[in-house]
Amino acid sequence: TSNVTIAFPSLHVSRPSDLTLQPFWDYIIFNYGFAVKSPFFPVFLAFSCFFFYSLPFGILDILGEKANFFYKYKIQKGKQADIQMMGLCMYQTIYNHLMFVFPAVIVNWFWMPPAPLPVIAPSLPDFLFGVLGSLLLFDFQYFIWHLLHHKIHWLYKNFHAIHHDYSAPFSWATQHLGGMELISVGLWNNTNPILLKCHPLITWTVALVGIWMSVEDHIGYDFPWGLNHIIPFGLCGGAPAHDMHHQKPHKNFAPFFTHWDIIFGTAITIE
Ligand SMILES: [Zn+2]
Ligand SMILES: [Zn+2]
């Protein structure tokens, strides 16, 4: 056995100690390698997540009081989105993708050609710390951006006011954003994985989780199974916190967690 160790020492160096995610990563590379390598894959992933996360809440909004089991958790009762509002948000989302997202992907493709996908999966601790670290970094970046865009009137009027068209948010309004907001968010989503040296599996998971948290912020229902109830110590703001931001726009600037609003004295809980 000592011969094997001497003959292939690099195997022990390049492989992480923890291989929990390796079979899953192998499965993705083997079956979907061609698709996930495409520069449009992150956009496709983000758009389909947004669509499929938002759809059930859109149906709940249409059903309203008829789905009383869910409606009893509605935060601003009587303020439901109708089909026309949902349609306008969808139009805005598609317009933003055609005008800003797709051109940015193409520019990025030329500027930074995609690196080949790694063969090795991240270790489980790397994966968990990477996902949490990326969410915390994005939360901080958006908090600062958001605070400035409410404190400086010119920034608010030109770049963020559009997101506040609705004082009672609903799932489809998550993407009711101006082009500049979308570009800022897109810039962090593109540079953070490089900054934190994230494995693609971490980057994609951050997208899955981050988009869920953003949609949940806007659903307008305080469900007992919401992240704000599941994650202890009120660390996560969830729908009640962000719904309050749409009602009182000078409070609750952080998108995911509560610590920055507590530190800056801008936190407010639902009344
Ligand atoms: Zn919002
Ligand atoms: Zn705002």
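The values are calculated or read from the model by the stated rules, or taken from the named source; none is laboratory data. None of the values given here were measured: they were computed from a predicted structure. Ideal geometry is used to build each Cβ from the backbone, glycine not excepted, and the neighbour counts take in all protein chains shown.
Within the range 227-251, the set of residues being within 21 Å of G133 (Cα to Cα), assigned to a loop (DSSP other than H, G, I, E, B) and touching an Asp or Glu at 6+ places or on another chain (Cβ under 8 Å) comprises G237 only.
Being among the β-branched types (V, I, T), in a helix (DSSP H, G or I) and away from ligand 1 (no atom under 16 Å from the Cβ) is a description that does not apply to I162. Whenever a residue of the range 137-155 is under 12 Å from W188 (Cβ atoms), its partners that are outside any loop (DSSP other than H, G, I, E, B) and at pLDDT below 95, lying with C-beta atoms within less than 6 angstrom and at least six residues away or across chains, give the pairs L137/N192; F138/W188; Q141/W188; W145/S184. The condition (being of a type in the set (F, W, Y), surrounded by fewer than 20 Cβ atoms within 10 Å (Cβ to Cβ) and at pLDDT 95 or above) is satisfied by just one residue among F223, F233, F253, F257: F223. Listed by position, the helices (runs of 4 or more DSSP H) contained in the range 30-100 that have at least 1 residues being in contact with a strand residue (DSSP E or B) (Cβ under 9 Å, 6 or more places away or on another chain) and in contact (Cβ under 8 Å) with a residue 12 or more places away in the chain are 41-63, 68-71.
Quick check on D165: is it without any contact (Cβ under 8 Å) to a residue 12 or more places away in the chain and within 16 Å of ligand 2 (Cβ to nearest atom)? The answer is yes for D165.
Look through the range 227-262, keep the residues that are in contact (Cβ under 8 Å) with a residue 60 or more places away in the chain and hydrophobic (A, V, I, L, M, F, W, C), and return whichever of them is farthest from F138 (Cα to Cα). Looking at the filtered set, the residue picked out is A239. When the range 238-261 is filtered for residues that are touching a helix residue (DSSP H, G or I) at 6+ places or on another chain (Cβ under 8 Å), more than 13 Å from ligand 2 (Cβ to nearest atom) and closer than 15 Å to H146 by Cβ, the ones remaining, listed by number, are F256, F257, T258, W260. Would you tally the residues in the range 192-223 being within 16 Å of ligand 2 (Cβ to nearest atom) and closer than 21 Å to Y32 by Cβ? Qualifying residue count, the range 192-223: 0.
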